[in-house]
Amino acid sequence: MVLLLGFFFLPVVLTSVFAFTNMSTATGISGGSYVVTGNLLRSLKDEGLDAKTIDALGQSSYVIDQAGLEKAHAAGVDARFITEIAERLKDRSFTSSTAFERELKTLPSRPTRVRDLKIAAGAFEQSVLNVRYASRGEMEAALTHMLENPPEGAIEKVATASYTGWTWTTENFKNLVITPDTWRIIGNTVFYVVLTLAFNVLVGLFLAITTFYLPPAGSGFFSVLWLLPRITPVVLYAVMWKWFTWEDGFVFNIAQDLGLPAFNYMKGSVASAWTVVILVNGFVGASFGMILFSGALKAIPVQQLWASEVDGASRWQQIRYIILPHMRWPILFVTSYQTLSLLSSYEQIWLTTNGGPGSTTTVWALEAFKTALNNYTGNLQYGLGAAMALILVAVGLILSIVYLRLFRFDEMMSKPKIEF
Amino acid sequence: MTRNFAAWPIILLLTVLSLPLFIMYLFLLVDTFSNTAPGSLLPNEFTLEHWRFLIDPTITGDVWKPTLTTVIFSASLMIIVVSVSATAGYALSRLALPFRRFVLSGIMVMHAFPSVTLIIGVFLVLQFAGLYNSLTGVILVKASLMLPFGIWIMKGFYDAVPWEIEMAGVQDGASRFTVWRRIILPQVKPGLLSLALFAFIDGWSEYMLPRILAPSSDFEVLSMYLNTVSDPNSSTYNFNIFKSVGLFYTLPVLALFVLFQNRLMNIFGGGTKG
Amino acid sequence: MQISINNFTKTFDGTPVIDDMNLTIRDGEMLALLGPSGCGKSTTLFTISGIHRMDKGQLMFGDRDVSGLPSQKRNVGVVFQNYALYPHMNVFENIAFPLTVRKDNKADIDREVRFIAALTHISELLERRPGQLSGGQQQRVALARALVRKPDVLLLDEPLANLDAKLRLEMRSEIRRIQLETGITAVLVTHDQVEAMSMCDRIAIMKKGEIVQIDTPADMYSNPRTSFVAGFLGNPPISLLNGIAMGNTFSIAPIKLRVPLGSHEGIADGTPLKLGVRPEHFGPEGDIAVEGKITFAETQGRENLYDVELADGSVLRSIQPAARNWKLGEPVRWFIDSKSAFVFSDDGLRL
Ligand SMILES: Nc1ncnc2c1ncn2[C@@H]1O[C@H](COP(=O)(O)OP(=O)(O)O)[C@@H](O)[C@H]1O
Ligand SMILES: [Mg+2]
């Protein structure tokens, strides 16, 4: 139960939570801190923050205060010199290092070496540039300190922009809606699901019916053959398809011998790539249909078949009028079940065409997975990926509830009969 | 079956449809024992060299360590899934637990629900739990993703055991636990065996989870090992060696499947019976 | 041990199944719970055994209140309709199971099992699995297992329903023999009146969750309290005629049938009534003449069965020795034995 909660409930919650963040490798997944960097100032300028504020943020100032004195002490500045600074310059401030250093040079116990003087001066330097603040409050305090008469809202703006961690946002969904890619991928997904499903159901049905009519040896051979894709580990299965369709692969060689166009069918053209994707998944799914349909076929009373033969039905009529009506529920079942798993599956596509050529065979689940966990730029966008996954989770949840309703699983929930 | 119709047109059609599969699997086997001249389809010599990876780690790296890891992985998975499903399935099938309906519907939705969509969330959970990149983490995740299926299957098997047997046990003075252990459990042994086989095979074939949730850990399961070998950019790239490794990797699964075909059938099609 | 059920009420998902039932099973007697399917017989049985909880009421074993105890603490033996033998254990292990879970020592278990196996005539079967036994043998094993730990009460739920006709006869007497030999208090649930009459000391007839009448088989047959009871007992069943009270007779005016009500005087003229006539009380001999036509005839070997349709369409059933054959369609003038006929009010109560 704990495991189930941990790996079902929690992921669902996290997926929905993170869907509303801009979390990525850059922001990390725990909290961040607040830093004003040169880059940030430049982009703030582009966003129209007034020049005076930007300048002020880029500047350093020198303030003689208790904190500065302690810092100087820690830096090993001569104690007498510190006392003098405290006495004579306390609470004064300077806007440039030259002015401050000039002032320091007037003190009696000033160090002789320029380097030591600079160290002493440095202790009083105050700047927000490249300083890491753990909380927003600290950042804002520093900014207030730095800026005299900042324009309305400037501090908040800078503080927000300076955050390095992830933030809450609905940008992910907005982006999804406005990117044209999204619609292409949805189109791909629908195309993929519909065609693969059709292949699964039709071939599954065909296999079930034909093996049903075959003598046991033949039907045994074919059902085992068609079950192989299902039990073959997906990595091997994918590479077998590569061998079959790749450059120099099996089909390639045959096509060459026959003088047909020979190329890398898996990635060479959109049409062939789709064909491969659908076949790869279709062959795996067909066995699922086959098993269920065969089961349903065996449940048809054989007398009905005999009776139809006595009545003079052709094989086709027998299938059409006796067998198919019995197959309604199994077909509906396979359809809904496979829709659900096809919508979310991307393992086979990932390992074969990987969504290529370009992103022509990329489906939604694959794109979500790539965005969040597996892309080549190295910046994994957990937030955006989670948003994409969340949509799938929602669709999956709705569909699975619908199909549980459809198949009245309620009946399987009968109450325990022993009441003590 | 009925014999009133001619069989050959069907066989022909079936054969054509099955040809790609047949060729792929045939050559999977043949190529591991032979060499084929470039550009040709038919092998021209028999050789065992593609199997040398078994004893010579310089070809593709040591294969036995990933094998051991995979055995550990699949076996732990099997143990967790079977033991939890056996108990939870019984409890859900037979005991009057609080929130029973709620838990049952939860399990059913989880069972129907495509769990791969959760991978991003799972990834984050493991990050937080500090189990990212560890075998334990992957085992736990894989086991939990399989559990709804396992529990559902076992509940189905328990449901099929007549209530009267259980009532008789209780009448005979045995506690519910004793009834479960001594009377009910033996009745669902076929189910347990099927589930165990299925869990083992499923674990053995798993690729995604180790790849995503533990990409750089010290252990490597065979599927990942195989994928490394098959990387077209690697220097050792060679379909024949790949096929040998692949066949080696798949052999246990195939063997189990052939031995227990009938048992597995009711799982592949089961748990999903409407 | 005497078992008593007081004010027992049970509902399933809001549907009342048993309503305020009171029943006492005397020590050492075999009581039949008889009634049509779905009337709550099994529910009652399973409540005694501790599988179902009572919603209301009290269950006493002797003077011990067991209402709140689970099956394990009740010491009840149950024979289920499908026997519920443990398929993975052999016969010996099946019978020994109640003793094993009680952690009796090996020698005791062995002795007890062999004793009970001898009683139930299955000593040669101890090594077999349930799957290798015939229905009757399975039945004996189930009995042995239920009896082996000397329960306070033995409960049998339709024990003969799954047997073929010949075995049913055999097991009927066997169960009774074993019950008498052990002297155990027993409850037999059945929907078959022949079983109930032939095996039991008393019968409790149930209808829709209520007990209508408890009596010995003979008393119940000759003195049914309602038309339901009268209709349930007896094969072929009793025929019921609809009529009205008229001048201290049961009367169906159109066919001029008048059966004196005898001691039941003072019934207002025109009250609707029912007359119950058992097949053996209608035939060529008797006191009240009825004219009709044979519409159904069936030979049963020793006896023949006839349906006689009267002029108004109502039907009287008759059973006659096979010596004389009446043909289908033959008009007859037969007689009702008015002293043996039952008169019921319109709602079925015996007058
Ligand atoms: N576990 C249960 N849940 C709901 N209704 C039940 C249950 N068991 C029995 N019933 C209902 O209670 C009524 C009586 O059942 P039962 O006692 O089995 O009848 P019978 O006299 O045939 O043995 C029936 O209408 C049946 O549908
Ligand atoms: Mg019943």
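The values are calculated or read from the model by the stated rules, or taken from the named source; none is laboratory data. What you see is a predicted model; the values in this text were computed from it and never measured. Note: ideal-geometry Cβ built from the backbone for every residue, glycine included; neighbour counts use all protein chains shown. Accessible surface is based on the protein model in full, side chains and every heavy atom, while ligands, DNA and RNA are left aside. Shrake-Rupley method; radii C 1.70, N 1.55, O 1.52, S 1.80 Å.
At-a-glance table
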read-out	value
Members of region C:35-65 that are within 9 Å of ligand 1 (Cβ to nearest atom) and within 12 Å of chain A (Cβ to nearest Cβ)	C:S42, C:T43, C:F46, C:H52
Residue check for A:W274: at pLDDT 80 or above and either over 23 Å from A:S400 (Cβ atoms) or part of a loop (DSSP other than H, G, I, E, B) (or both)	yes
Considering residues of region C:153-199 that are of a type in the set (A, V, I, L, M, F, W, C), within 14 Å of chain B (Cβ to nearest Cβ) and within 13 Å of ligand 1 (Cβ to nearest atom) only, the residue farthest from the chain's Cα centre (by Cα)	C:L155
Residues being closer than 14 Å to C:N22 by Cα and not in a helix (DSSP H, G or I) - total across region C:41-50	0
Residue match in region C:51-67 (condition: closer than 25 Å to C:A161 by Cβ, touching a residue at least 60 places away in the same chain (Cβ under 8 Å), more than 16 Å from ligand 2 (Cβ to nearest atom) and not in a loop (DSSP other than H, G, I, E, B))	no
Enumerated helices (runs of 4 or more DSSP H) restricted to region B:50-154, each holding at least 3 residues that are open to solvent by less than 50 Å² (accessible area, probe 1.4 Å) and either at the interface with chain A (Cβ under 8 Å from one of its Cβ atoms) or not β-branched (V, I, T) (or both)	B:64-94, B:100-112, B:119-129
Residue list for region A:20-63, filter: among the hydroxyl-bearing types (S, T, Y), more than 30 Å from A:R92 (Cα to Cα), at pLDDT below 70 and open to solvent by 30 Å² or more (accessible area, probe 1.4 Å)	A:T25, A:S30
Pairs with Cβ under 8 Å, 6+ apart, first in region A:397-420 and charged (D, E, K, R), second surrounded by 13 or more Cβ atoms within 10 Å (Cβ to Cβ) and modelled with pLDDT of 75 or more	A:K417/B:W163; A:K417/B:M167; A:K417/C:I51; A:E419/C:I51; A:E419/C:H52; A:E419/C:R53
Residues within region C:23-40 that are open to solvent by less than 10 Å² (accessible area, probe 1.4 Å) and either within 13 Å of ligand 2 (Cβ to nearest atom) or part of a helix (DSSP H, G or I) (or both), tallied	5
Conditions (1) surrounded by 22 or more Cβ atoms within 10 Å (Cβ to Cβ); (2) without any contact (Cβ under 8 Å) to a residue 60 or more places away in the chain: number failed by C:G209	(2)
From C:L133, C:L160, C:L167, C:L156, residue being within 16 Å of ligand 2 (Cβ to nearest atom) and either free of Cβ contacts under 8 Å to residues at least 60 places away in the same chain or in contact with a His (Cβ under 7 Å, 6 or more places away or on another chain) (or both)	C:L160
Any hit, region C:98-106, residues being within 27 Å of C:M206 (Cβ to Cβ) and either touching a helix residue (DSSP H, G or I) at 6+ places or on another chain (Cβ under 9 Å) or not aliphatic (A, V, I, L, M) (or both)	no
Residue match in region C:66-79 (condition: within 16 Å of ligand 1 (Cβ to nearest atom), within 14 Å of another protein chain (Cβ to nearest Cβ) and under 14 Å from C:A186 (Cα atoms))	yes
Residue under evaluation C:K10, criteria (1) over 14 Å from A:E419 (Cβ atoms); (2) near ligand 1 (Cβ under 9 Å from one of its atoms), criterion not met	(1)
Complete set of residues in region C:5-22 that are touching a strand residue (DSSP E or B) at 6+ places or on another chain (Cβ under 8 Å) and more than 16 Å from ligand 2 (Cβ to nearest atom)	C:I5, C:N6, C:N7, C:F8, C:T9, C:T11, C:P16, C:D19, C:D20, C:N22
Residue in region B:174-181 that is farther than 23 Å from B:S76 by Cβ and among the polar types (S, T, N, Q) present	yes
Given (1) of a type in the set (G, A, S); (2) more than 16 Å from ligand 1 (Cβ to nearest atom); (3) open to solvent by less than 10 Å² (accessible area, probe 1.4 Å), index of the condition C:A204 fails	(2)
Residue in region B:168-179 that is under 27 Å from A:L366 (Cβ atoms) and either touching a Lys or Arg at 6+ places or on another chain (Cβ under 7 Å) or in a helix (DSSP H, G or I) (or both) present	no
Test set (1) open to solvent by 10 Å² or more (accessible area, probe 1.4 Å); (2) more than 16 Å from ligand 2 (Cβ to nearest atom); (3) within 14 Å of chain B (Cβ to nearest Cβ) - C:V141 fails condition number	(1)
Of the criteria (1) part of a helix (DSSP H, G or I); (2) within 8 Å of another protein chain (Cβ to nearest Cβ); (3) touching a helix residue (DSSP H, G or I) at 6+ places or on another chain (Cβ under 6 Å); (4) not acidic (D, E), which one A:W306 fails	(3)
Complete set of residues in region B:6-35 that are open to solvent by 50 Å² or more (accessible area, probe 1.4 Å) and modelled with pLDDT under 75	B:A6, B:W8, B:P9
Entirely in region C:286-325, the strands (runs of 3 or more DSSP E) that have 2 or more residues that are within 18 Å of C:S340 (Cα to Cα) and either modelled with pLDDT of 90 or more or in contact with a helix residue (DSSP H, G or I) (Cβ under 8 Å, 6 or more places away or on another chain) (or both)	C:288-299, C:315-321
Scan of region B:181-195 for residues that are closer than 21 Å to C:N90 by Cβ and either within 10 Å of another protein chain (Cβ to nearest Cβ) or assigned to a helix (DSSP H, G or I) (or both), ordered by number	B:R181, B:R182, B:I183, B:I184, B:L185, B:P186, B:Q187, B:K189, B:P190
